[in-house]
Amino acid sequence: MKILFLPKYNELGPSSRYRIYQYLNAYEKAGIEVVAAPLFGSNFFTNNKIIKISFTLCYYLRRVFKLLQVYKYDLIYIEYELFPYFPSIFEKLFGVINVKYIVDYDDAIFHNYNTSRNFFIKLFLSNKIDNVIKDANYVVSGSPYLTNYISRLNANCIEIPTSVCKEVYRQKTKSETNAVFTIGWIGSRTTSVNVLKLIPAFEVLSKKMEFRLHLIGFDQNESSKLAHLNVNFINWDSKTEIEEIYKFDVGIMPLENTPFNQGKCGFKLVQYMGCSLPTIATPLDANVKINRNKKNLYAITNEDWVSAFEKVYNNQDYFREVGLENHDAFTKYYTVESNSGTYITVFNKLK
């Protein structure tokens, strides 16, 4: 079997390395020949608008030329869509020329279109992703919210959580403790706003206990707003992110309850669990499902967050045990090793 993988980004881009690239070795071991052809390369991430637009046009043309070769493959695997902010013409053509395709979603990208404030985007593209889903031979979802949405449009839907390679995570030992209680978060510039909303909670907490914040990937332009707290800003680096997470006592995932965030797959929680940490999260559907042992904590209001932090701080031995249980659940449900077989089964169904 020969599959053409069409991720949105190359290996350095967000999410693709978890939903797509990590599985390639497992597929090849199963006798599946794989060709990966990402849409965007590294130049897409420049802050220079002229360079970004120029390269984006080149990337779109490169994908068009790649699509002229689809007849060489038994199956096409698409991450999200073929061309962002462009009608689903090419996905429709797949049906006309009898090309089978799978599409994978770990974000509610349909809300980029159907809830857009741009009149023309909403007018012309609001049903785009719905049509891509309907025409797909199979759809892979990363969260309960996405599964509920997709299954109304296509019965051939399967939920597979975003996973990581088990071998790069180790189980934390009980002796690995911090002198100062450490609250940790990992994210990006765009998700930093969720941490900023917790500033009142951190301010209240600072009057009750000694703690420090470790923020990985936080927007440096917003760092001054947290300067009055005991905070350590850490640049995100794929080579060091896991070891930095191991330094946390608890991992947090605050999220505003928006339609787009409802579709998120709880990947931060998966990373925390892989590092044997207890977690505190906003109780969106995916986050609730990930809490397999029902012992991790949820918070919505600032008062909830303060209460949750105090609970973990005052019961650190208990929550270290919760973290170890989390690692067990991580190994069973959220690793490439545990989920690659499900992908391969889907591929074989479409031979």
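From Val140, Val132, which residue is among the hydrophobic types (A, V, I, L, M, F, W, C) and either in contact with a Phe, Trp or Tyr (Cβ under 8 Å, 6 or more places away or on another chain) or outside any helix (DSSP H, G or I) (or both)? Testing whether each residue is among the hydrophobic types (A, V, I, L, M, F, W, C) and either in contact with a Phe, Trp or Tyr (Cβ under 8 Å, 6 or more places away or on another chain) or outside any helix (DSSP H, G or I) (or both) leaves just Val140. Taking the criterion of being open to solvent by less than 50 Å² (accessible area, probe 1.4 Å) and assigned to a strand (DSSP E or B), the residues of the stretch 213-245 that qualify are Leu213, His214, Leu215, Ile216, Val231, Ile234.
Going by the conditions given, is Ile300 of a type in the set (Val, Ile, Thr), without any contact (Cβ under 8 Å) to a residue 60 or more places away in the chain and open to solvent by less than 10 Å² (accessible area, probe 1.4 Å)? When the stated conditions are applied, Ile300 does not pass them.
Note on the stretch 187-206: residues that are of a type in the set (Val, Ile, Thr), open to solvent by less than 60 Å² (accessible area, probe 1.4 Å) and modelled with pLDDT under 95 amount to 1. With respect to the conditions (1) farther than 24 Å from His111 by Cα; (2) at pLDDT below 95, Thr182 falls short on a single one, namely (2). Taking the stretch 1-117 as the region of interest, the helices (runs of 4 or more DSSP H) fully inside it that hold 2 or more residues being charged (D, E, K, R) and either surrounded by 13 or more Cβ atoms within 10 Å (Cβ to Cβ) or more than 18 Å from the chain's Cα centre (by Cα) (or both) are 16-19, 24-29, 49-67, 89-96. Going through (1) of a type in the set (A, V, I, L, M, F, W, C); (2) assigned to a loop (DSSP other than H, G, I, E, B); (3) under 20 Å from Gly323 (Cβ atoms); (4) open to solvent by 20 Å² or more (accessible area, probe 1.4 Å) one by one, Phe248 falls short only on (4).
The values are calculated or read from the model by the stated rules, or taken from the named source; none is laboratory data. Only a predicted model underlies this, so the values are computations on that prediction, with no experimental measurement involved. Here Cβ is always computed from backbone atoms with ideal geometry, including for glycine, and neighbour counts include all displayed protein chains. The area values use the complete protein model at the heavy-atom level, side chains included, leaving out ligands, DNA and RNA. Shrake-Rupley method; radii C 1.70, N 1.55, O 1.52, S 1.80 Å.
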